[in-house]
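Participant: The structure that follows is given in the form of structure tokens.
The values are calculated or read from the model by the stated rules, or taken from the named source; none is laboratory data. Computed from a predicted model, the values in this text were never measured in an experiment. Methodologically, a virtual Cβ is constructed for each residue, glycine included, from the backbone with ideal geometry; neighbour enumeration extends over all protein chains shown.
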Amino acid sequence: MALWGGRFETKPDELFKLFNDSLPVDAALALQDIDGSIAWAKAIHRAGVLSADELARLAAALSHLRSQISDSPTLPLADSDEDIHSWVERRLIEAVGDLGKKLHTGRSRNDQVATDFRLYVRAEIDARSAELKDARRALIDLADRTKTVVTSGYTHLQRAQPILFAHWALAYQEMLERDAARFADARKRVNVCPLGSGALAGTTYQVNREQIAKDLGFDAPTRNSLDATSDRDFVIETLAAASNCAIHLSRLAEDLILFASQEFGVVEMHDSVSSGSSLMPQKKNPDACELIRGKCGRIFGALATMSMTVKGLPLAYNKDLQEDKEPLIDAMRQLSMCLRVLVRVLDTLKVRESRARDTALDGYANATELADYLVAKGIPFREAHDVVGKLVRHAIAKAARLEDLPLADMAAIDARIDPGVYESLKLETGLARREIAGGTGPGEVSRAILAARQRLALP
């Protein structure tokens with residue numbers, strides 16, 4: 001059913017109709033459209049447009065339709081209406097007759113869809129926030145399980161300094177915590193109500209917009225009808241938050257893919273989140289993480305799509321904005337799947353403690369500790385750095401670890417080196433010296449785990 005047509009002499013071209021109709025996409029907003037319609041029915045009742053009996057009949061019919069859709073989410077897709085708004089109106093008219101034609105009094109599809117979409121985006125933000133909380137919980141639990149596991153931290157994909165594996169997990173927890181904050185902040189700007197803005201100029205009917213906003217759980221009504229019906233910055237901001245989150249998920253996935261390789265061998269993913277090869281029987285592929293990494297690209301693409309769609313639009317509403325839903329819906333679905341799969345990866349992840357420790361022992365990751373040992377003897381850091389570089393070069397030539405070099409070899413390079421050097425080269429010594437806020441010292445990591453649990457309100 002079209003909600004327009006009196007001005008037209010001919011029916012739409014079939015190809016144009018297919019091009020124009022959005023029901024396959026905006027059917028996802030069916031429940032929100034009905035909730036907004038019930039709120040609008042109450043508003044125009046208060047404004048004197050509907051009697052109490054008419055309001056009761058419309059609300060009952062809309063509530064019944066809502067129950068039908070809740071039971072059968074794909075119900076609207078069985079029909080060929082132009083959009084979800086026309087589908088709901090047609091079904092309402094079928095249920096209550098001409099009374100259904102009164103519901104749209106003072107309302108435009110412009111403020112209707114803007115309201116529906118804000119309700120939808122708000123619900124999606126709330127759902128992603130809950131999933132982010134579970135992902136952060138999984139990272140904190142992983143940190144708790146590995147707070148005694150020593151491994152190497154990396155820069156430039158080269159072994160750099162010893163850290164606790166838990167410190168690595170907590171780094172990603174921090175990233176996801178900021179992502180959760182970005183979603184929470186975006187929600188504040190999503191949660192304003194356009195209903196009552198009409199097509200662009202407001203409505204002549206004296207509806208109480210503050211009460212409409214309250215009825216729908218919004219913080220307040222929008223302040224400008226032109227802005228309310230024509231901007232989608234709330235979609236772009238939500239997609240920006242989703243993209244930031246996707247960046248972090250992709251980085252985490254990449255780390256795990258590397259760590260699970262035979263070259264690193266630090267972790268093993270559970271069989272339940274891995275797959276094999278159709279040709280090579282020995283393979284165990286980290287497909288869950290590879291798909292997280294890949295699907296994140298779709299989320300970035302959604303942000304670019306929406307930015308390009310809105311950037312050149314004149315005020316007020318333009319049909320281009322019909323294209324706002326598909327990128328957002330897809331991006332949020334992909335992010336949801338990535339977060340939920342990540343939880344299963346992390347909860348079942350096996351960390352190989354011995355191999356993790358070897359990465360710290362075998363890559364001269366304790367070289368900085370040796371430089372600090374020399375600094376403690378009064379040697380300027382730049383000079384100490386040069387001395388340790390020579391010692392590393394000597395160790396490489398002898399295929400030995402720094403801690404395995406004879407004292408005579410070290411003293412030959414710098415006579416100020418004494419037997420105390422060997423204590424400084426122990427991994428645990430270096431870690432213990434990093435009991436600084438935000439550092440990888442065992443005590444600080446334990447404190448960080450506890451603090452993260454408290455911020456997330458975990459037991």
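Participant: Looking at 172, 154 in this structure, which one is surrounded by fewer than 24 Cβ atoms within 10 Å (Cβ to Cβ), of a type outside the set (Lys, Arg) and in a helix (DSSP H, G or I)?
Facilitator: None of the other options fit; the residue is 172.
Participant: Might you check whether a residue that is over 20 Å from residue 193 (Cβ atoms), free of Cβ contacts under 8 Å to residues at least 12 places away in the same chain and out of contact with any Cys (no Cβ under 9 Å at 6 or more places or on another chain) occurs anywhere in region 26-40?
Facilitator: Within region 26-40, not a single residue is over 20 Å from residue 193 (Cβ atoms), free of Cβ contacts under 8 Å to residues at least 12 places away in the same chain and out of contact with any Cys (no Cβ under 9 Å at 6 or more places or on another chain).
Participant: Here are some residues: 238, 204. Which one is polar (S, T, N, Q) and either touching a Phe, Trp or Tyr at 6+ places or on another chain (Cβ under 8 Å) or part of a helix (DSSP H, G or I) (or both)?
Facilitator: One residue alone meets the criteria, 238.
Participant: Could you run through region 57-82 and say how many residues are small (Gly, Ala, Ser) and not in a helix (DSSP H, G or I)?
Facilitator: Number satisfying all stated conditions: 2.
Participant: Check whether at least one residue in region 266-280 is part of a loop (DSSP other than H, G, I, E, B), within 30 Å of residue 45 (Cα to Cα), over 23 Å from the mean Cα position of the chain (by Cα) and β-branched (Val, Ile, Thr), and report yes or no.
Facilitator: no
Participant: Here's another thing I want to ask about it. Taking residue 135, is it closer than 22 Å to residue 452 by Cβ and of a type in the set (A, V, I, L, M, F, W, C)?
Facilitator: yes
Participant: A further question on this structure: So residue 163 passes all but one of these: (1) in a strand (DSSP E or B); (2) farther than 18 Å from residue 254 by Cα; (3) in contact with a helix residue (DSSP H, G or I) (Cβ under 6 Å, 6 or more places away or on another chain). Which condition number does it fail?
Facilitator: (3)
Participant: Looking at region 150-161, can you tell me whether even one residue there is at pLDDT 95 or above and within 24 Å of the chain's Cα centre (by Cα)?
Facilitator: No, there is no match, as no residue in region 150-161 is at pLDDT 95 or above and within 24 Å of the chain's Cα centre (by Cα).
Participant: Let me ask something else about it. All but one of (1) in contact (Cβ under 8 Å) with a residue 24 or more places away in the chain; (2) under 16 Å from the mean Cα position of the chain (by Cα) hold for residue 294, so report the exception by its number.
Facilitator: Status for residue 294: all satisfied but (1).
Participant: Given the condition charged (D, E, K, R), in contact with a helix residue (DSSP H, G or I) (Cβ under 9 Å, 6 or more places away or on another chain), assigned to a helix (DSSP H, G or I) and under 22 Å from residue 151 (Cβ atoms), answer yes or no: does some residue in region 401-414 qualify?
Facilitator: Yes: region 401-414 contains one or more residues that are charged (D, E, K, R), in contact with a helix residue (DSSP H, G or I) (Cβ under 9 Å, 6 or more places away or on another chain), assigned to a helix (DSSP H, G or I) and under 22 Å from residue 151 (Cβ atoms).
Participant: Among the candidates 82, 89, 54, 14, single out the residue that is surrounded by 13 or more Cβ atoms within 10 Å (Cβ to Cβ) and more than 23 Å from residue 110 (Cβ to Cβ).
Facilitator: After ruling out the rest, the residue left standing is 54.
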